[in-house]
Each structure stands twice: as structure tokens, then as C-alpha cells.
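S.K.: Take a look at the following structure, please.
The values are calculated or read from the model by the stated rules, or taken from the named source; none is laboratory data. This is a predicted model, so every value here is computed, not measured. Backbone-built Cβ (ideal geometry, glycine too); neighbour counts: all protein chains shown.
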Amino acid sequence: MPGQIQEAARSVDVVHETDVLVVGSGPGGLSAALAASRAGARTTLLDRYGCFGGNMTQVGVESIGWYRHEQTVEADGIGRELEDRAAAMGAANPESQSLSQGIDGERFKWVADVLVEEAGITPFLHRLAVQPIVEDGAIRGVITESKSGREAILAKRVVDATGDADMAARAGAVVHKTPREEMLAASVMFSMSGVNKRKFLDAVKADPQTYRDWAGNAEWDIETTGKEDELFSPFLRKPFKRAVEAGLIPENLITFAGTWGTVTDQGDLTYLNLIHLSEIDGTSADDLTRGEIEGRQQAMFAIKALRAYMPGCEDAKLRNFGMTIGIRDTRKIDALYNLTGEDVREQGRFEDTIGIFPEFIDGYGILILPTTGRYYQVPYRSLVPKGVGNLIVAGRSIGGDKVSHASTRNMMCCTVSGQGAGVAAAISLQTDQPFDRLDVPGVQAELRRQGVRLN
Ligand SMILES: Cc1cc2nc3c(=O)[nH]c(=O)nc-3n(C[C@H](O)[C@H](O)[C@H](O)COP(=O)(O)OP(=O)(O)OC[C@H]3O[C@@H](n4cnc5c(N)ncnc54)[C@H](O)[C@@H]3O)c2cc1C
């Protein structure tokens, strides 16, 4: 580091005051804002980019319910509403491996706008929250940077739904990260257009892949319960293997493998989750820079291989890259209760449940699909960080260990923690109680009223 400079102190205009400020608008934040507003709080939803939706719209992660099978028990609530609303507004397509809808990430930008407007939420786009305003150990709002310069937004309660616990970490809450070399891989996501749907699906049917086929190199060697092994998976590896063998793409890209999400009548092949970049810490701008550039280069090689060796893709071309590299794994808060692998594997039950999630684990070498009706409860305490007042966390940075993260990071579970956090923020205000001494039965009553299944 070539030295340090001192930044001059300056006054910042307060541009807005609100009851509940939600920072970040992914499945966690969008759900939190809708829930807080529906529970009666004046709510503001802030995001660094020009659209709401987080990974769904910015990265192109479209498969919100790909785990769903006949026996799957769902939390209902806002997560299911997002999926159903997307389908009703023509922003979804049947997902290839499950009884769910794949969100159309582009159209969902508009769906999210409509939901935010209908709920009477104040929208703040294009603002990066850079610093929490902390007084007497409690967060009072955030400072943002944008084309308008530096601005302050004051709030009585703040929901950190940045995915990276940016506000919690900078406010002094205890957070932790998985060591870089063990972090879940980052991915540059892309979609293709010009795919011959019939030819493509015929080829998939002629050589159907299952979750067992994921095994084959270190990253994709997975633990299952056995019941997953025979199920169909929209998995692609063979075209890349052939391309390496033929010398069409570099040998080190033998790592290419992964899934596709939907293929439309118009020939769009979406959610191409094929590029996996290790040792990218999403809280390091240097790592993000490296990942974006390397990931795009790899995606272009992947397209070359698909055009050569995947029937139906002969004339296909890149449709789009995600607006940003996809990050799976950064900071988690040290919460009042940190979920454990045992909780998510063995149907954890908690008196302070704010919702349920089916037994679905995907990450760190484990794939367990909810085909048996088993589920666990998400405890309220896993959203509450230690050491900072007025702050609650939603989405993938809630408290837990690696294996629990492999479950709670999934988008539908992020909507569960999001809805719980939003309702908790509203109830905390109405009852004038801090998050760490909140009337949880009151939160549960409002969640039930909003259609959430708690047990
Ligand atoms: C490539 C990839 C594939 C995946 N596949 C699946 C899948 O198939 N199914 C599934 O369920 N899950 C999948 N996941 C996981 C899932 O997408 C995420 O864990 C989930 O989206 C996390 O939700 P979130 O709301 O916590 O955060 P995000 O969706 O990351 O949303 C965070 C939001 O906060 C905003 N933000 C961040 N920092 C700031 C700041 N400082 N100021 C203002 N705004 C900020 C961001 O712009 C974003 O809108 C995948 C993830 C990746 C990366």
C-alpha cells in the first residue's frame, strides 16, 4: 500500500428521514422492505445499482425455487409471492429441474418496481451505502455516495441486507468470513440467445444428466443422502470436456461445469452457471476486478465450446453477462444465535421461529434436496447482530456456520429472513423495544397475518 492520506471532515446534507431503512434489495432486502411497509412502518429501500432484486436481477440468478419437489414444505410468505407475481406478470418461465418457476431476471426488474410502488416504499436507487451513522452504540442511518455526492439518510431502524453485512461490519458488529481459500466460488453468469430449443432439449433428453453426474472433479464432488443421485439435473460438462480434448479451449478450463435454468421458445438459454472462480473475496475490490475480467474471458470460451459441442447451440451467441460478478460467500454476523449444520440437517426447532425452510442444502460439497417433507425453523435471534443497536440483518449474512450458510443463503430462505427482519423492525418501532429484547410473539403474529408459515 503506497501510504495513507487524511480525508478532510465535512458536513453532509440529510436528504431523507424514515422509520425503517433497508440497505440492499436482493431477496432479503426486497422482502424486508415489503414486510416492514405492510406492517405499517414508513419504509425506504436503498440499492447501489439502478434496479431492485439483488442477485435475481443484477447477477441473473433466476432459480428461486429449483429445490421444489412434490414433498417440499414451503415457508409461503413473500418468497412465494415473488415467484407467483413474476409468473403472473410474464416474468418467469418453467424451471427445468423442479416444480418451480425460473424468474426472468430482466423482466423482474420491472416486477420489483411495481411491488415497491404498490407497497408505498420510498425507492432510493444508485446509492452506495458507505458508512453507518452510529451514536451511543446504535445505528441512526447511513451515509451514501452517488452521482449526487455524499448524502445522509436517517432511520429509526436499519436492516442490513447488503449480502456482505457492509453496514453491520462498519458499525462495529462482530462479523466473520470463511477463509478465502475455502470460500464458495464466485461466478460470472451469462445467458445466450439464438438457441434452437427443440434440438437443445432433444439432446438433453437423449443423454439426461443427474445429480450423480456432478461428481468428477474436486469442486463438484458432493455428499448427498443418496435420494438425489437419480434425479434429473440440467447439468453440463460433456461439451466442455470435448472442447478441451479437441484443443478448442485451454486445458485449465476443464473446470467448466454447471447448470442452465430455462430455455425459452424465443431461443434464450438463461442462468448459465458454468464459471466458478475460487479465492475471490467479494469484499475486496481487487478480487472483484480480477474475477470479472477472468470470468468474462472464461464465459467466452464456454460459449465457443457450447457452439461446437452442444446440439442446438450452433448459432447461439452471448445474450448478456450479469450486471456484476456473482458472490456467494462473504461476511456473516455473529448473531444472538448462530445456526449450525446440525440445525439445518436435523430439522432444528426454535421457539422464536420467524419462518421455515425445507431441508435444502447446497454448498461446501453438500447437496440435499427436500424430497421428504423435512424442514427446519429459522430463529429470530440469527438475524440480530451483537453490539450495535437498531440494526438487524437479512439475507445471506445472517448468523451461522458454513453448512447452515449452504442452506440459508438460498434465495427463498433469504426471503424468510428478510420478511422476518422487516416485520421485526416495524414491531420494534411500534413497541419501542430494542431488537435484542423484542416481543417475538408479536413478530410471529404479524408474520402469520402476512401469510408466513412458522411451523
Ligand atoms: C452465481 C450464483 C448462483 C446462485 N444460484 C442460486 C440458485 O440457483 N438458487 C438460489 O436460491 N440461490 C442461488 N445463489 C445464492 C443467492 O443468489 C444469494 O445467496 C442470495 O441472492 C442472497 O440474497 P441477499 O438478499 O442476501 O443478497 P443479494 O441478492 O446479493 O442482494 C444484495 C443487494 O444489496 C445491494 N448492496 C450491496 N452492498 C450495498 C451497499 N453498500 N449499498 C447499497 N446497496 C448495496 C446489492 O446491489 C444487492 O441488490 C446463487 C448465487 C450466485 C452468486
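S.K.: On the given criteria, is A305 of a type outside the set (D, E) and either free of Cβ contacts under 8 Å to residues at least 60 places away in the same chain or not assigned by TED's automatic domain parsing to the domain that holds P208 (or both)?
M.R.: no
S.K.: Has region 237-255 got at least one residue that is buried (at least 17 other Cβ atoms within 10 Å of the Cβ), within 29 Å of T72 (Cβ to Cβ) and under 23 Å from the mean Cα position of the chain (by Cα)?
M.R.: Taking every residue of region 237-255 in turn, none turns out to be buried (at least 17 other Cβ atoms within 10 Å of the Cβ), within 29 Å of T72 (Cβ to Cβ) and under 23 Å from the mean Cα position of the chain (by Cα).
S.K.: For residues that are in contact with a strand residue (DSSP E or B) (Cβ under 6 Å, 6 or more places away or on another chain) and not in a loop (DSSP other than H, G, I, E, B), scanning just region 56-75, find the one that is nearest to S25 (Cα to Cα).
M.R.: The selected residue is M56.
S.K.: Against the condition touching a residue at least 40 places away in the same chain (Cβ under 8 Å) and more than 13 Å from the ligand (Cβ to nearest atom), how does G422 come out, does it pass?
M.R.: No: the conditions fail for G422.
S.K.: Identify all residues within region 51-94 that are away from the ligand (no atom under 15 Å from the Cβ) and either in contact with a Cys (Cβ under 7 Å, 6 or more places away or on another chain) or more than 19 Å from S233 (Cα to Cα) (or both); write none if there are none.
M.R.: Once the filter is applied, which keeps residues that are away from the ligand (no atom under 15 Å from the Cβ) and either in contact with a Cys (Cβ under 7 Å, 6 or more places away or on another chain) or more than 19 Å from S233 (Cα to Cα) (or both), region 51-94 yields V73, D76, E81, D84, R85, A87, A88, M89, G90, A91.
S.K.: Another one. Please list, ordered by first then second residue, the pairs with beta carbon atoms under 7 Å, 6 or more apart or interchain, first in region 33-59 and without any contact (Cβ under 8 Å) to a residue 40 or more places away in the chain, second surrounded by fewer than 24 Cβ atoms within 10 Å (Cβ to Cβ).
M.R.: So the pair list comes out empty.
S.K.: For the condition away from the ligand (no atom under 15 Å from the Cβ), at negative phi and among the hydrophobic types (A, V, I, L, M, F, W, C), what is the one hit in I361, I356?
M.R.: When all the criteria are applied, what remains is I356.
S.K.: Here's something else I'd like to know. Looking only at region 5-25, which residues are assigned to a strand (DSSP E or B), surrounded by fewer than 24 Cβ atoms within 10 Å (Cβ to Cβ) and of a type outside the set (V, I, T)?
M.R.: Result: D13, H16, E17, D19.
S.K.: Output the strands (runs of 3 or more DSSP E) that fall wholly within region 299-401 and possess 2 or more residues being within 30 Å of F200 (Cβ to Cβ), or say none.
M.R.: 317-321, 361-363, 366-368
S.K.: Follow-up question, since we're still on this one. Would you confirm whether or not region 430-444 contains a residue that is touching a residue at least 24 places away in the same chain (Cβ under 8 Å), within 16 Å of the ligand (Cβ to nearest atom) and farther than 25 Å from G326 by Cα?
M.R.: Within region 430-444, not a single residue is touching a residue at least 24 places away in the same chain (Cβ under 8 Å), within 16 Å of the ligand (Cβ to nearest atom) and farther than 25 Å from G326 by Cα.
S.K.: Name every residue in region 378-408 that is within 14 Å of the ligand (Cβ to nearest atom), in contact with a strand residue (DSSP E or B) (Cβ under 7 Å, 6 or more places away or on another chain) and charged (D, E, K, R), in order of residue number.
M.R.: The answer is none; no residue qualifies.
S.K.: Another question, if that's okay. Which strands (runs of 3 or more DSSP E) sit wholly inside region 144-245 and have at least 2 residues that are in the same structural domain as K386 (by TED's automatic domain parsing), more than 16 Å from the ligand (Cβ to nearest atom) and out of contact with any helix residue (DSSP H, G or I) (no Cβ under 8 Å at 6 or more places or on another chain)?
M.R.: Counting at least 2 such residues, we get no strands (runs of 3 or more DSSP E) at all.
S.K.: Let me ask something additional. Under the condition of being surrounded by 23 or more Cβ atoms within 10 Å (Cβ to Cβ) and within 8 Å of the ligand (Cβ to nearest atom), which residue from region 32-50 is nearest to A426 (Cα to Cα)?
M.R.: So the residue we want is L46.
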